[in-house]
Amino acid sequence: MDNSSNSEENYDLGYQPSPSLIDQIDVSSTETSGFSTMSGNSFCYFRTYSETSAFSETTDDNTNSNESPPIHWWSSGTKSMNRSQASLARLGIKQHEDSLDDAKSDDHEAIELDLELMKERFSKLLLGEDMSGSGKGVCTAVTISNAITNLYATIFGQNLRLEPLNPEKKMMWKREMACLLSVCNYIVEVFPSSQSLQDGTAVEVMTSRPRSDIYINLPALQKLDTMLLEILDSFQDNEYWYAEQGSMSANSNWSVSFRKIVQRKEEKWWLPVPCVPKGGLSESSRKHLKHKRDCANQIHKAAMAINDSILSEMEIPDSYTSTLPKSGKACLGDKIYRHMTTDKFRADNLLDCLYITSEHEALELADRVEASMYTWRHKACMSHSKSSWDLVKDLMYDVDRSDKNHVLAERAECLLFALKQRYPELAQTTLDTCKIQYNRDAGQAILESYSRVLEGLAFNIVAWIEDVLFVDKQMRAQAN
């Protein structure tokens, strides 16, 4: 058999000789077997099941063991090894270039996807969600508000459990919200300021800065957003788990939870049910849940306060003022009106007397109270020469504080506030919906929608934690 061909074949199988192979090959006459006596460092690894050494000739019984290998064996094997090394080197470079090309291709595809997303957002913004292009779309403010609301529904709409948000959805939420909030970077107000030239001359120039409502509220909302995501991320190694409502067996020890404010009805069968071990949660887990519930509750209050302040600053549309009743008493009814005209008026006591049994009744009452409030405010401002609804808030500071209409308007406002505090899950009133629909201020639209979705997320987190704590309380009561 040709020695050079054997050596080339063996090298192609992956063997790599050391540089000092010549010195490590013993060609002495003491070799008595078919294996060449070489140092263990001659190869990177050995083929365990080979019957001959990688570089030895095939021998038979008649072969003289004292013969030295021919000289051309080494020269031919060396050339073959050099050629193989060069081939492997070229192959390694090609594989590395292919991996780099794949990485560049993936990055290019990601950039293309982001670019297409930006094009879609920009097109919808210009078209006002009117894909026909006929110019009948909504204004920019409403488009941005709808975009934030729809993004929240996409990311958190199917998230019904107290667990970390999916990393892909979390990244999508941050990326698209950054895109939508970037509009606020270009909503500025100008004010005069003094600037000194090089020769010491003081000149007055106009300087721009973020609009005051955006400068104050947007960083606060972004901080609340980050805190809510951190709360969700903290629930990773949990002692509780979830089971689908339909998979609950009759003999199961799992306890079905109910929310304190809005009890889970039969029509909400799709909601997952939290489950805890027998004996309840550990003390550390229970403390963690209560701490995060308190944090989320404070975030909910902060987001709700910002949302209320933004809505109060929005203009009241004419479509709403044209539908106001002529009499606040007729709007509320005799029973509520009598309680509001007493000297010992208390909003909480009045709500206790009304026996509200459903969210629909609470929302209907909120609409009537709000309509009567603006009716009385309008009557209190009738004596002023300026009657524009844009100046109603300013005129309220000039009216007589003892005026009956003014007193009733203030009490109606207190009643509306107490109603929203008692029913935090209450939907938006008719006035709030009209303000959002007819709003033309893009900055206010962003702040209102952003605070609204954060308010909803915070409320859901509190409700999820309450569900787990409720089940834990039941299981501990059963254990005792």
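The values are calculated or read from the model by the stated rules, or taken from the named source; none is laboratory data. Since the model is a prediction, treat every value here as computed from it, not as a measurement. Cβ placement follows ideal geometry from the backbone for every residue including glycine, while neighbour counts extend to all protein chains displayed.
Some points to look at:
- Any chance GLU120 is closer than 23 Å to LEU180 by Cβ, within 21 Å of the chain's Cα centre (by Cα) and free of Cβ contacts under 8 Å to residues at least 24 places away in the same chain: yes
- Where helices (runs of 4 or more DSSP H) fall wholly inside the range 316-369, the ranges with 1 or more residues that are among the basic types (Lys, Arg) and exposed (fewer than 15 other Cβ atoms within 10 Å of the Cβ) are 334-341.
- Meets criteria (within 25 Å of ALA147 (Cβ to Cβ) and either crowded, with 22+ Cβ neighbours inside 10 Å or under 27 Å from the mean Cα position of the chain (by Cα) (or both)) for LEU431: no
- Identity of the residue in the range 379-392, over 14 Å from LYS404 (Cβ atoms), out of contact with any Leu (no Cβ under 6 Å at 6 or more places or on another chain) and not polar (S, T, N, Q), that ends up modelled with the lowest pLDDT: LYS386
- Number of residues in the range 134-192 that are of a type in the set (Val, Ile, Thr), in contact with a strand residue (DSSP E or B) (Cβ under 6 Å, 6 or more places away or on another chain) and surrounded by 12 or more Cβ atoms within 10 Å (Cβ to Cβ): the value is 1.
- Where VAL190 falls short, out of the listed (1) more than 27 Å from GLN298 (Cα to Cα); (2) out of contact with any helix residue (DSSP H, G or I) (no Cβ under 9 Å at 6 or more places or on another chain); (3) assigned to a helix (DSSP H, G or I): (3)
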